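The values are calculated or read from the model by the stated rules, or taken from the named source; none is laboratory data. Here the structure is a predicted model, which is why all the values come from computation and not from measurement. Glycine also receives a Cβ, built like all others from the backbone with ideal geometry; neighbour counts cover every protein chain displayed. Quick note on the areas: whole protein, heavy atoms, side chains included, nothing else; ligands and nucleic acids left out. Shrake-Rupley method; radii C 1.70, N 1.55, O 1.52, S 1.80 Å.
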Amino acid sequence: SLAQLENLCKQLYETTDTATRLQAEKALVEFTNSPDCLSKCQLLLERGSSSYSQLLAATCLTKLVSRTNNPLPLEQRIDIRNYVLNYLATRPKLATFVTQALIQLYARITKLGWFDCQKDEYVFRNVITDVTRFLQDSVEHCIIGVTILSQLTNEINQADTTHPLTKHRKIASSFRDSSLFDIFTLSCNLLKQASGKNLNLNDESQHGLLMQLLKLTHNCLNFDFIGTSTDESSDDLCTVQIPTSWRSAFLDSSTLQLFFDLYHSIPPSFSPLVLSCLVQIASVRRSLFNNAERAKFLSHLVDGVKRILENPQSLSDPNNYHEFCRLLARLKSNYQLGELVKVENYPEVIRLIANFTVTSLQHWEFAPNSVHYLLSLWQRLAASVPYVKATEPHMLETYTPEVTKAYITSRLESVHIILRDGLEDPLEDSGLVQQQLDQLSTIGRCEYEKTCALLVQLFDQSAQSYQELLQSATASPMDVAVQEGRLTWLVYIIGAVIGGRVSFASTDEQDAMDGELVCRVLQLMNLTDSRLAQAGNEKLELAMLSFFEQFRKIYIGDQVQKSSKLYRRLSEVLGLNDETMVLSVFIGKIITNLKYWGRCEPITSKTLQLLNDLSIGYPSPRARNPHGAALGEPGELPLMGTGTLSSAPNGDGNAELCP
């Protein structure tokens, strides 16, 4: 009976007793499989007194229309579709979850019946007509109508496991060609109407309508137009494959302007969706425009970005900040540097973007996951410098070193705060660190002289302080840990910028600078190795291994010129005259790690991986020790005095600065 069903629904959704809930769930599963489920669901919707019974009815009906074996007849599905629309139209104030379940039911029926015909008519395709009566009624009805279109667009865009992928793509392509542009145009027109009026956002219903309109627009722009977005978690698909038939909407600058105006006129809680729409609009495929049209579109886009940067108050919201960083990244992923520099306001915009990036990097604790997009922008900009042919100045030689400096100094300054306050250390997330270092490797090679000078200065300061602390009997463990943390970041970063060397774009001077950095890391290694019997730092050792891996890829192998200025510098400072002698240092470090770090799985694993990478392609005599010393013992590098760390321990076991 209806009373029993309602009681079971109440037990399922409200009871805290597990046994009662499981019993109710079992009974309701039997109900959904019963022959009279369809008629009982209609009775529940008509006469049910609780929202839970209405939810049960909507959920059961969705399962019935979705089943592949013994599907419901076409007439029945048409009746359910019409019944749901009438039910929603006459009950605009249902519980939100009931309304959502009924809209999901409508979307599922429409998708699965997209190619069903009755009297030569596709009976489930009149979606705009279906919602028109909602849009012409009260605000509550408008919200339902817009939500129907939004949910339908989302439903058709998502493949399900119960039906073949080919059928899904056929439905999605037909929906794209016949209905999607009309829905997008309708959504933009409604947004223009809403923004033209003075929205009373204290009114919860108008608040909800604007939110649903933005969701609908985003779903339209986020549609998988050509069937390529198989992984929704990926942000690598930076091009939105807008159909050619949509050209008019994007050639009209008012479409782009609408979203920038909305961003500035609505509360920050809505802005992330507006910015998400702008990210998609900024990513439309290049071939949608000719050169002149693309330049005009890009000019409007850059003007909008400039306006946001000049009024950054809303960016204090982490969600806004994240979406805006994504928008900045798309500027370079979809447009060439040669096109950007021709934009009228480019000098001012690149200055504002640089200042925004520097400020963001300095506030390293705020929205750390968004930094990826800013570094991605600067990585792509820096990588484009050798190829840009435009006569207009790109000004990256001015701003890229500022970004590099902000990243390096902010990571070093974070060490003390993280240790003092017991915060989560970014170095624990090796994947995130490696991703950022890969990006920095390209950014740092732009104006490399400045990058190298900064790293040398910071490394020497930290190394000097570290050695003084080790020699002091009263040094606090906190101070030692801070310097080890700073040196860990510096070793990672030095490895990254060395790994960013591009053979055709490198000069002898840059190779000599690499030599300066390598000498310092090898001297630090000898200092830390000389202390392993007493103490060691796991994170610093992992940074060393990362450095060795980058050095190996760039400077060890048959393709490397043995006359490289790097080897000359190693010979002058450390007495390492050729690649064979450097290999002996690698092998010595590997044996030292296996001797002292055998119980540390991350270090042991990466050490063995380094050995494996070195062994590929090399006969064993290449790895002999030219000095005849026992490999793996710390302190075997001869020093010639560089004013940094000595590798040779003094009488009491501590390493000293060279005179």
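A few remarks follow.
- Sites K26 and S174, calculated FRET efficiency, Cβ-Cβ separation with R0 41 Å, nearest 0.05: 0.50
- With 10 Å bins from 0: P(r) over the chain, alpha-carbon pairs, percent: 3, 13, 18, 17, 15, 14, 11, 7, 2, 0
- Between the residues A535, N291, M513, the greatest Cα displacement towards the positive end of the dipole of the chain, with unit charges on the Cβ of Lys, Arg, Asp and Glu, is found for N291.
- Among the listed pairs K10/K40; K450/K595; K40/K167; K389/K565; K119/K215; K565/K595, those whose Cα-Cα separation exceeds 27 Å are K450/K595; K40/K167; K389/K565; K119/K215; K565/K595.
- With every protein chain in place and a 1.4 angstrom probe, the accessible-area ranking of E25, E339, largest first, reads E25, E339.
- About the Cα centre, charge dipole magnitude for region 462-616 (Lys/Arg +1, Asp/Glu -1 at Cβ), debye: 200
- Gyration tensor (alpha-carbon) shape descriptor, region 1-99, a/c threshold 1.5: oblate
- Computed log₁₀ I(q)/I(0) - Debye formula, equal Cα scatterers, no solvent, region 462-616, q 0.16 Å⁻¹: -0.91
- Between T228 and K595, the C-beta separation translates, for a Förster distance of 51 Å, into a calculated FRET efficiency of about 0.50.
- Projecting the Cα atoms of L301, S1, V123 onto the dipole axis of the chain, where Lys and Arg carry +1 and Asp and Glu carry -1 at the beta carbon, places V123 farthest toward the positive end.
- Placing unit charges on the Cβ atoms of the charged side chains and taking the dipole of the chain about its Cα centre, the candidate lying farthest along the positive direction among F551, A24, A159 is A159.
- Estimated purely from DSSP H runs of n ≥ 4, each contributing -39500 (n - 2.57), the mean residue ellipticity at 222 nm for the chain is -22000 deg cm²/dmol once divided by its residues.
- Carbon plus sulfur fraction of accessible area for the chain, probe 1.4 Å, in percent: 50
- When only the Cβ of Lys, Arg, Asp and Glu is charged (+1, +1, -1, -1), the dipole of the chain relative to its Cα centre reaches about 1680 debye.
- Put a plus charge on the Cβ of each Lys and Arg, a minus charge on the Cβ of each Asp and Glu, and nothing anywhere else: the dipole of region 146-194 about its Cα centre is then about 100 debye.
- With all protein chains kept in place, the per residue accessible area of region 1-49 amounts to 65 square angstrom at a probe of 1.4 angstrom.
- Stretchable slack from Q257 to K167, in nm (0.36 nm times residue separation minus alpha-carbon distance): 28.7 nm
- Area accessible to solvent at H218, 1.4 Å probe radius, in Å²: 40
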